[in-house]
Each structure stands twice: as C-alpha cells, then as structure tokens.
Amino acid sequence: MATPNSQTGIIDDKTPLCVPFILDRLAEFDREHANITSFSPPRPFILGLNGVQGVGKTTLVRSLASTLQIQHNLPTLVASIDDFYLTHADQLRLAAQHPDNPLIQHRGEPGTHDLALLDSFLTSLLKNHHPTPIPRYDKSAHAGQGDRLPPSEWPSTDPSRTPRVVILEGWCVGFRALGGDELCARWQVSRSRSSSTTLSSATDGSNRSVGSHLARHDLPHLRFINDQLSHYETVLNARLDAFIHIDAQDLQWVYAWRAEQEAELRRVTGSGKNSAASTASGGAMTEEQVARFVDAYMPAYELYVDGVREGVFLSQGRRGKQLRIVVGRDRMVVESVVV
C-alpha cells in the first residue's frame, strides 16, 4: 500500500513494489549460497539502483533501507557512487589531460570515478572485512567543484552488525559500454535529428529535443567516456545480485524535475535565485543553471538507458533479477515489470 512520506507529503508508491522484489531475490540468493554460508558468515547481498536525476532516488533509497532494517531486521548499508568521485586534484589532472573534452571537465561522467577505491570498498564488504571504511565526498568543497573528505572523516561498518544488504545507488549504476559501431550509429542518428530540429530556449528545458545532446559533442569525446565505462563492468556491474531501475516515460522531464527540486530548496532555505557561488555553499541553482547541469548528463542517458531498460543482466543470461519501474510526469508509478 502506497503511503505518504512524513517529511515531504509525497506518496511513496515505489517502496511497496521494491521491498517484495528485494526479499524474493534475497531468498534466492540465500538458497544459492546455502552451502557457503553454513561454514562462514554470508557475504552481503548487493543491490544496484539506478534512477534519473530528480526522480526521487534518494528518498526511495532511504525508505528501502529503513523498511528492510526496521520491518525485516536486515542490516542495510546505502552507498552512493557519488562518494567515489576522483579527488579534486585528480579531477583537475584528468581535465587538464583532455582540455578539449567538455564531458570530463567536471565530475559526473564515467571516467570521473575512482574505480580502484570502489573496487577496494566492495571487495572488503564481499569478504566480510569489518569495519570497512565508507568513503564520503563533499560536493560543496572548492566552490562547488567538490572533493573527497579525508579518511579520518569517513564512517565505517559496524562489526557487531554487519550489512546483510548493500544498496549501491547512482545515476550511472548499471550503464554498460556500447560497441564502437553502435556508439557511432547513435551519434549519427542524433546529428540527423538535431539538424532538423531547433532547440527551444525554454530555461526549464521541457521542450528540448530528444536526440540533440549527442550531436553537441565530438565522437572522440564520447568514445573516451564509453571506453572508461567499460572498466565499470568488472568493478561494479558484475558484482550486483539484483537491480532496480526507476525509469521515466520521457527523459526530458528530468529538466523540470530538477528545477522543481531547486525551487523547493529555495523555498526551504530562502536562498533565492542566487549565483553559482551560493549554489556551492548550499543555495539552490537557478533555472538556467539547472538546464546546464542536466545537459551534462543527457549524452550518457541517450547512449546507455536503453541497455538498462533491456536488462543489466541480459548478457549474463540472468533473468528475473531486475525490477523496472516506470513513472509519469508526476513521478508516480505507471508500470512495473521484472526483467
């Protein structure tokens, strides 16, 4: 039964769909690992969760963790791929090495994460090494450019209550690199569409044309992102036991959703339509800043969301391990299917 969030008043119609799915997959996981867990503590169940910007991913993850822990006595750890961004110094170094590629001048795209750190973190959890330090990233550091917090400020897992479920969430979790020919074909299609479509100047981006974002970027720059994404397969995707995808009927709604979130932040904080400097210190982005922010993510959405929709476990022949939830403009569920 869908229930309103006590803080936002928004009806949560996703948790009632996700929790039974998680419990069923966890039961399958336990059966598959029965012989192993009889001799040693079970390794945690790793759940990947992907949701587009502004869809309510963070709220859902909090609800899932709370429900699993309180109602089902399942210690649950939530980790975000955002906490594994490169350090500020390493991000500056990457940007300087590729000064003509706008996709990696700032954090966000595949290639701007510290995969060695993510690999070390997941390996420690899977081997039941506790306490395991949990990296933290401060997006407000360096005037909004962000930086990883020092390890002395990271929390750690509790050896007396080790995580039974790990939810790893992020906007690009589950993305898979494309073959070179498919990447080129998608880019060419985008160029064809953009040549016949004029972009709207609407600041909320609600009328921005689908397929136009790839055409704004050079193919070699997209190839770099795609090549970097291929390294995420072994470190991240191959370690997932199940997956939840919060999808949108129309990806262009991301612009309006983010704008609505920022408007709510301005209402709560009284920050007003301030400059980027105020955004770095916790203020809300203006509509123009929101549009530019979302623009940076749209090329990856256009390239990789179709693969997530088809199923992140498809190439492994693992069916029934993914729940796809599709939402409408009001972020309410319109469809759910197990892939």
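The values are calculated or read from the model by the stated rules, or taken from the named source; none is laboratory data. Quick caveat, the model's predicted, so the values are computed rather than measured. Every residue, glycine among them, receives a Cβ derived from its backbone with ideal geometry; neighbour counts consider all protein chains shown. Only protein heavy atoms, including side chains, enter the accessible area calculation; ligands, DNA and RNA are left aside. Shrake-Rupley method; radii C 1.70, N 1.55, O 1.52, S 1.80 Å.
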Going residue by residue through region 210-224, is there one that turns out to be over 20 Å from H106 (Cα atoms), open to solvent by 60 Å² or more (accessible area, probe 1.4 Å) and of a type outside the set (K, R)? yes
Going by what's in this entry, would H98 be described as at positive phi and out of contact with any strand residue (DSSP E or B) (no Cβ under 9 Å at 6 or more places or on another chain)? no
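Residues are listed down the side, and each one gets a yes or a no for (1) closer than 30 Å to E260 by Cα; (2) acidic (D, E); (3) touching a strand residue (DSSP E or B) at 6+ places or on another chain (Cβ under 6 Å):
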{"site": "F29", "(1), (2), (3)": "no, no, yes"}
{"site": "P41", "(1), (2), (3)": "no, no, no"}
{"site": "L47", "(1), (2), (3)": "yes, no, yes"}
{"site": "G54", "(1), (2), (3)": "yes, no, no"}
{"site": "T59", "(1), (2), (3)": "yes, no, no"}
{"site": "A65", "(1), (2), (3)": "yes, no, yes"}
{"site": "P75", "(1), (2), (3)": "no, no, no"}
{"site": "F84", "(1), (2), (3)": "yes, no, yes"}
{"site": "A89", "(1), (2), (3)": "no, no, no"}
Among the numbered criteria (1) modelled with pLDDT under 95; (2) open to solvent by less than 20 Å² (accessible area, probe 1.4 Å); (3) not in a helix (DSSP H, G or I), which one does V312 miss? (1)
From L229, L240, L265, residue being of a type in the set (A, V, I, L, M, F, W, C), farther than 25 Å from E335 by Cα and at pLDDT 90 or above: L229
Top-ranked residue of region 196-205 - restricted to ones that are more than 23 Å from H106 (Cα to Cα) and of a type in the set (S, T, N, Q), ranked as modelled with the lowest pLDDT: S201
Please indicate, with yes or no, whether at least one residue in region 99-109 is in contact with a helix residue (DSSP H, G or I) (Cβ under 8 Å, 6 or more places away or on another chain), assigned to a loop (DSSP other than H, G, I, E, B), without any contact (Cβ under 8 Å) to a residue 12 or more places away in the chain and not hydroxyl-bearing (S, T, Y). yes
Which one of R223, R208, R193 is modelled with pLDDT under 95, of a type in the set (D, E, K, R) and outside any loop (DSSP other than H, G, I, E, B)? R193
Based on what the data block shows, is R136 within 23 Å of L219 (Cβ to Cβ), within 17 Å of the chain's Cα centre (by Cα) and among the basic types (K, R)? no
Hey, among the residues in region 34-54 that are farther than 22 Å from N237 by Cα and in contact (Cβ under 8 Å) with a residue 12 or more places away in the chain, which one's least open to solvent (accessible area, probe 1.4 Å)? G54
